[in-house]
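> Structure incoming, see below.
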Amino acid sequence: MEAVALDIRVLGPLGIALDGESVRLGGRKQRAVLALLVIEAGRLVSSERLVDEIWGDGTASARSLQVYVSELRRLLGDPGRIRGEAGGYRLTVGRHELDAARFEELAEEGRERMLAGDPAAASRALRDGLSLWRGAPYADLEAEPFVEAEAARLMELRLVVLERRFDAELALGHHVDLIPELEAVVAAEPLREGFRRQLMLALYRAGRQADALAAYQDARVTLRDELGLDPGPELQRLELGILRQEPSLDVE
């Protein structure tokens, strides 16, 4: 059998592509079986767990599960992708064949590039990683309890990567272009101080000192109202630096 290029996509609705062509998946149960195997890729998932997680009401039998697995093997283009072992199934997939794994590798590459003092390369890697996203992870299966933790982990990592990308862009002097995007992200994630810091810095570097200080006050009010807390030390130091117009805040 000639090998085909497999791409499993979970950064958005669950999907499969073979040689770049999308494969039509079946109903929710079939997609749920695939999702659980993907989340546990490389590890044995017991038939009992699959039935319990996906059906949960005792209506499914091992035979029903076998039917879904058999169809998934066909859709994946290689029966050996899902191996039946004692008491369960194991999905074998390379990291390059899963968009979430590629995203994590690009996230790590971007982090390492920033640590090495190369913000341009960091920005490219982080942008490439973020471009893999098509929506919320496992978007068509978000109500499934077994998906929640993995989807939340990926969403948190996406925010971390976005923050790193903004740091790289700020280091490159792209503060003016970043302001609209930072304002939108702050509106969507008002309790994340990292984005607040970046917005204040971008505004200040764009010559908008008053707006940068107003952004700090907005952060202070929001954090007090929502969490009963003052801004953290980093934001407080940044406000003071902006008031003093410290040269260290300028782009190197």
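> So, of the residues in region 216-230 that are under 12 Å from Met200 (Cβ atoms) and in contact (Cβ under 8 Å) with a residue 24 or more places away in the chain, which turns out to be surrounded by the fewest Cβ atoms within 10 Å (Cβ to Cβ)?
So the residue we want is Tyr216.
> Turning to a different aspect of this structure: Of everything in region 144-162 that's of a type in the set (Asp, Glu) and crowded, with 18+ Cβ neighbours inside 10 Å, which residue is nearest to Trp55 (Cα to Cα)? Give the derivation first.
So the first thing to find is which residues in region 144-162 are of a type in the set (Asp, Glu), and the list is 144, 148, 150, 156.
If we keep only those that are crowded, with 18+ Cβ neighbours inside 10 Å too, we end up with 144, 150.
Details: Glu144: 10, Glu150: 19 Å.
Among residues in region 144-162 that are of a type in the set (Asp, Glu) and crowded, with 18+ Cβ neighbours inside 10 Å, the one nearest to Trp55 (Cα to Cα) is Glu144.
> Select from region 159-197 the residues that are of a type outside the set (Gly, Ala, Ser) and under 17 Å from the mean Cα position of the chain (by Cα) and list them in ascending order. Walk me through how you get there before you give the answer.
At the first step, the residues of region 159-197 found to be of a type outside the set (Gly, Ala, Ser) are 159-167, 169-170, 172, 174-183, 185-186, 189-193, 195-197.
Once the filter is applied, which keeps residues that are of a type outside the set (Gly, Ala, Ser) and under 17 Å from the mean Cα position of the chain (by Cα), region 159-197 yields Leu159, Val160, Val161, Leu162, Glu163, Arg164, Arg165, Phe166, Val185, Glu189, Arg192, Phe195.
> Still on this model: Taking Gly173, is it more than 29 Å from Ile242 (Cβ to Cβ) and outside any helix (DSSP H, G or I)?
no
> Scan Arg81, Arg9, Arg24 and give me the residue that is within 18 Å of Pro137 (Cβ to Cβ) and of a type in the set (Lys, Arg).
Going through Arg81, Arg9, Arg24 in turn, the sole match is Arg9.
> Continuing with the same structure: Hey, any hits in region 86-97 for a residue that's open to solvent by less than 10 Å² (accessible area, probe 1.4 Å) and β-branched (Val, Ile, Thr)?
Residues of region 86-97 open to solvent by less than 10 Å² (accessible area, probe 1.4 Å): 88, 91.
Cutting the leftovers down to β-branched (Val, Ile, Thr) gives us none.
Within region 86-97, not a single residue is open to solvent by less than 10 Å² (accessible area, probe 1.4 Å) and β-branched (Val, Ile, Thr).
> Pull out all pairs, ordered by first then second residue, where Cβ-Cβ is under 6 Å, the residues are six or more apart or on different chains, the first lies in region 17-34 and is in contact (Cβ under 8 Å) with a residue 24 or more places away in the chain and more than 18 Å from Ser47 (Cα to Cα), and the second is open to solvent by 30 Å² or more (accessible area, probe 1.4 Å) and of a type in the set (Lys, Arg).
Filtered contacts from region 17-34: Leu25/Arg31.
> Right, another one. How many residues are out of contact with any Pro (no Cβ under 8 Å at 6 or more places or on another chain) and either without any contact (Cβ under 8 Å) to a residue 24 or more places away in the chain or more than 20 Å from Gln245 (Cβ to Cβ) (or both) if we restrict to region 186-207?
Within region 186-207, residues that are out of contact with any Pro (no Cβ under 8 Å at 6 or more places or on another chain) and either without any contact (Cβ under 8 Å) to a residue 24 or more places away in the chain or more than 20 Å from Gln245 (Cβ to Cβ) (or both) number 11.
> Additional query: Of the numbered conditions (1) open to solvent by less than 20 Å² (accessible area, probe 1.4 Å); (2) within 25 Å of Gly20 (Cβ to Cβ); (3) touching an Asp or Glu at 6+ places or on another chain (Cβ under 7 Å), Leu106 satisfies every one except a single condition; which is it?
Of (1) open to solvent by less than 20 Å² (accessible area, probe 1.4 Å); (2) within 25 Å of Gly20 (Cβ to Cβ); (3) touching an Asp or Glu at 6+ places or on another chain (Cβ under 7 Å), only one is false for Leu106: (1).
> Read through the list (1) assigned to a loop (DSSP other than H, G, I, E, B); (2) more than 20 Å from the chain's Cα centre (by Cα); (3) among the hydrophobic types (A, V, I, L, M, F, W, C), then give the number of the only condition that Met200 fails.
Result: Met200 fails condition (1) only.
> Right, next: Answer yes if at least one residue in region 233-247 is within 22 Å of Ala125 (Cα to Cα), acidic (Asp, Glu) and in contact with a Phe, Trp or Tyr (Cβ under 9 Å, 6 or more places away or on another chain), and no otherwise. Outline the logic, then answer.
Within region 233-247, the subset within 22 Å of Ala125 (Cα to Cα) is none.
The answer is no, given that none of the residues of region 233-247 is within 22 Å of Ala125 (Cα to Cα), acidic (Asp, Glu) and in contact with a Phe, Trp or Tyr (Cβ under 9 Å, 6 or more places away or on another chain).
> Among the residues of region 143-158, how many are outside any helix (DSSP H, G or I) and either touching a residue at least 12 places away in the same chain (Cβ under 8 Å) or within 8 Å of the chain's Cα centre (by Cα) (or both)? Outline the logic, then answer.
Going residue by residue through region 143-158, those that are outside any helix (DSSP H, G or I) are 143-144.
Checking which are either touching a residue at least 12 places away in the same chain (Cβ under 8 Å) or within 8 Å of the chain's Cα centre (by Cα) (or both) leaves us with 144.
Of the residues in region 143-158, 1 are outside any helix (DSSP H, G or I) and either touching a residue at least 12 places away in the same chain (Cβ under 8 Å) or within 8 Å of the chain's Cα centre (by Cα) (or both).
> Count, please, the residues in region 131-142 that happen to be open to solvent by 30 Å² or more (accessible area, probe 1.4 Å), of a type outside the set (Gly, Ala, Ser) and in a helix (DSSP H, G or I).
So the count comes out to 1.
> Are any of the residues in region 241-252 open to solvent by 80 Å² or more (accessible area, probe 1.4 Å), in a helix (DSSP H, G or I) and at pLDDT below 95?
Scanning region 241-252 turns up at least one residue that is open to solvent by 80 Å² or more (accessible area, probe 1.4 Å), in a helix (DSSP H, G or I) and at pLDDT below 95.
> For residues that are over 20 Å from Gly110 (Cα atoms) and of a type in the set (Lys, Arg), scanning just region 163-196, find the one that is surrounded by the fewest Cβ atoms within 10 Å (Cβ to Cβ).
Going through the qualifying residues, I end up with Arg192.
> Okay, next question. Return the total of residues in region 159-185 being over 12 Å from Leu199 (Cβ atoms) and without any contact (Cβ under 8 Å) to a residue 40 or more places away in the chain.
Of the residues in region 159-185, 5 are over 12 Å from Leu199 (Cβ atoms) and without any contact (Cβ under 8 Å) to a residue 40 or more places away in the chain.
The values are calculated or read from the model by the stated rules, or taken from the named source; none is laboratory data. What you see is a predicted model, and the numbers here were worked out from it, not measured in a lab. In this analysis, Cβ positions are derived from the backbone assuming ideal geometry, glycine residues included, and neighbour counts consider all displayed protein chains. Note: accessible area is taken over every heavy atom of the protein model, side chains too, but ligands, DNA and RNA are not part of it. Shrake-Rupley method; radii C 1.70, N 1.55, O 1.52, S 1.80 Å.
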